[in-house]
Amino acid sequence: MNAHQPDFLFGESAGRIEVPLPSLLPPGVKAFTVPKPRADDDDELELGVPSDRVPRDRKGRVNPRQVDLLPSSRSSYFSLPATLDRRDLIWVLNTKVERRWTGIATRFQDSAWRFTMDLIRAGVAVVRCKVVATKAGFDLQPQHFRLTAAWQAARLDYLNELTGRPDPDTAREELLDLMKKVLSLADECVLLARVEQGSPLRAPAGTRAGTKVWSVYEDAIRAACYWYLHDGPSVELTAKDIASHAFRDSKRWTPEREAAFANIVGKSFTEAVKISDVEILMRGPLLWHVGSVVADAHTSEPWIGLPAGGLGLLGTVDTAGVRGVLVIENKDAFEQVCQRTDVYDRWLCVWGKGYASRPLVAFLSGFTELPIAAWCDLDADGIGIINNLIVRLGRHVEPVCMDVDLWRAGPYRRQTSSELERGRARAAVLAADGPSELRALAEAIAPSGEGREQESMYDEVLPTLANLLRKHER
């Protein structure tokens, strides 16, 4: 059994550092830095470091003038605190963007701080505070209040339930009538038909959508109905086309809608529809809770696609079975590894897509207690990708199957003279300043600039990969 924490929060806390203010906060609540906006959006800096998101002073020390109050942990999903009555809960869930603290104080009077702490612990709210220096140390001045992204997605369902609108039986019947037209959704139709009359409006137990929230479930089913009825499995439909016909209240795909729809149709979102957004592809022993939706990266075939936008939600990743994370540079090599149960039963396999994007780095940064390894092309860029990851994550990344003997065995990738010259120049730099384990490889590449691709190494690497990775497990 692993000793690491079985799950971690990302999204609301991504890119942040905890600010220790124990004397000012009740149990279950922590303060985090407020991320700074970046000056640029370049996700593929080859050897440099992206702009720092954490506010720091001139000496590089964390220097927050504002903090966000977030829960230290969450024991349940979408559970409203019992300390607030029905009217107060309706008022809270009617928060569309944010509320000034003066409005919170006027509404709840002397109970304002206590009630908002209850809402934070439940994962419902985030409170931004100004940090004020005093003679005794620091003080917090609440500025404004907002719902977490996960609750923004679910709030309408709970408002409908608290206010009695719409009629649950009518809503279920309307969706059943649509589902009956799609043979591939017959099992989902049975599940929905079994829900007792008068029951609260929730997704039926056992649904492939992986959510309990009705609005997410309904949108996923409506999108799946349109997809199946318009030959989605064989015709490439665009995400906007599906959204414009399936969603009644919006034409926008949210990360929850994407994940639930992918669960229903049994395909990665980018496989099922044509989109311009980014996904993080992975396979391994991991459960991902994005808002109200649960997705299983181990059983999803051939992999699961985590939408980059999902990292903006307060999510929980269950990593109890993960022994390490393997980042793979090329898509074809990633697909080959995803077919090997001896690898993905223990390691979470992630497609790096060349130089890691910002969402991927944010995701990997959550695995603080697990080893991270990378398998890349045996060329200057492959070494540069690992160097880039090490710098951006601020931790060790173990290169696997990237030794000089493998490179010398060839075959080498066909390159132009300018590409070879670029490879020689970059390899020379990395031989002096790159990761210590890869300097010998960079030194071997530097005279010629030649590179060997992952695809040429399957016979040598794949049969031994699982055993190599086990040596790096903690």
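Might you check whether a residue that is without any contact (Cβ under 8 Å) to a residue 12 or more places away in the chain, under 17 Å from G266 (Cα atoms) and surrounded by fewer than 16 Cβ atoms within 10 Å (Cβ to Cβ) occurs anywhere in the range 204-215?
no
For the range 397-419, give me each residue that is under 24 Å from L360 (Cβ atoms) and either aliphatic (A, V, I, L, M) or not assigned by TED's automatic domain parsing to the domain that holds A373 (or both).
Once the filter is applied, which keeps residues that are under 24 Å from L360 (Cβ atoms) and either aliphatic (A, V, I, L, M) or not assigned by TED's automatic domain parsing to the domain that holds A373 (or both), the range 397-419 yields V397, V400, M402.
Could you pull out the residue among L378, L389, L406, L360 that is touching a residue at least 60 places away in the same chain (Cβ under 8 Å) and under 18 Å from L465 (Cβ atoms)?
Just one listed residue meets the conditions, L378.
Quick one: in the range 143-164, of everything that is closer than 30 Å to V34 by Cβ and among the small types (G, A, S), which residue is surrounded by the most Cβ atoms within 10 Å (Cβ to Cβ)?
Checked the range 143-164; the qualifying residue surrounded by the most Cβ atoms within 10 Å (Cβ to Cβ) is A150.
Restricting to the range 121-151, give me the number of residues that are hydrophobic (A, V, I, L, M, F, W, C) and in contact (Cβ under 8 Å) with a residue 60 or more places away in the chain.
8
Take T116 and tell me if it is among the hydroxyl-bearing types (S, T, Y) and not in a helix (DSSP H, G or I).
For T116, the condition - among the hydroxyl-bearing types (S, T, Y) and not in a helix (DSSP H, G or I) - is not met.
Looking at the range 437-467, which of the residues that are among the hydroxyl-bearing types (S, T, Y) and within 26 Å of V337 (Cα to Cα) is surrounded by the most Cβ atoms within 10 Å (Cβ to Cβ)?
Only one residue fits best here, namely S456.
Looking at G394, is it of a type in the set (G, A, S), over 30 Å from E369 (Cα atoms) and in the same structural domain as V461 (by TED's automatic domain parsing)?
no
Restricting attention to the range 90-98, does a residue exist that is modelled with pLDDT under 85, out of contact with any Ser or Thr (no Cβ under 9 Å at 6 or more places or on another chain) and β-branched (V, I, T)?
yes
Out of all the residues in the range 288-295, is one or more at pLDDT below 80, surrounded by fewer than 19 Cβ atoms within 10 Å (Cβ to Cβ), assigned to a loop (DSSP other than H, G, I, E, B) and touching a strand residue (DSSP E or B) at 6+ places or on another chain (Cβ under 9 Å)?
no
Given (1) outside any strand (DSSP E or B); (2) modelled with pLDDT under 80, identify the lone condition not met by K267.
Exception for K267: condition (2).
Identify the single condition in (1) in contact with a strand residue (DSSP E or B) (Cβ under 9 Å, 6 or more places away or on another chain); (2) closer than 30 Å to A320 by Cα that Y458 does not satisfy, given that it satisfies every other one.
Going through the list (1) in contact with a strand residue (DSSP E or B) (Cβ under 9 Å, 6 or more places away or on another chain); (2) closer than 30 Å to A320 by Cα, Y458 breaks only (1).
For (1) closer than 22 Å to A295 by Cα; (2) of a type in the set (S, T, Y); (3) in the same structural domain as V273 (by TED's automatic domain parsing); (4) in a loop (DSSP other than H, G, I, E, B), each residue gets a yes or a no:
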position	(1), (2), (3), (4)
L162	no, no, yes, no
D177	no, no, yes, no
K181	no, no, yes, yes
C189	yes, no, yes, no
S199	no, yes, yes, yes
A224	yes, no, yes, no
W227	yes, no, yes, no
K240	no, no, yes, no
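Show me the helices (runs of 4 or more DSSP H) found entirely inside the range 356-447 where at least 3 residues are of a type in the set (K, R).
417-433
Look at the range 165-175 and say how many of its residues are in a helix (DSSP H, G or I) and surrounded by fewer than 18 Cβ atoms within 10 Å (Cβ to Cβ).
5
The values are calculated or read from the model by the stated rules, or taken from the named source; none is laboratory data. As the structure is a computational prediction, the values presented were derived from the model and not from experiment. With ideal geometry, Cβ positions are generated from the backbone for all residues, glycine too; neighbour counts draw on all protein chains shown.
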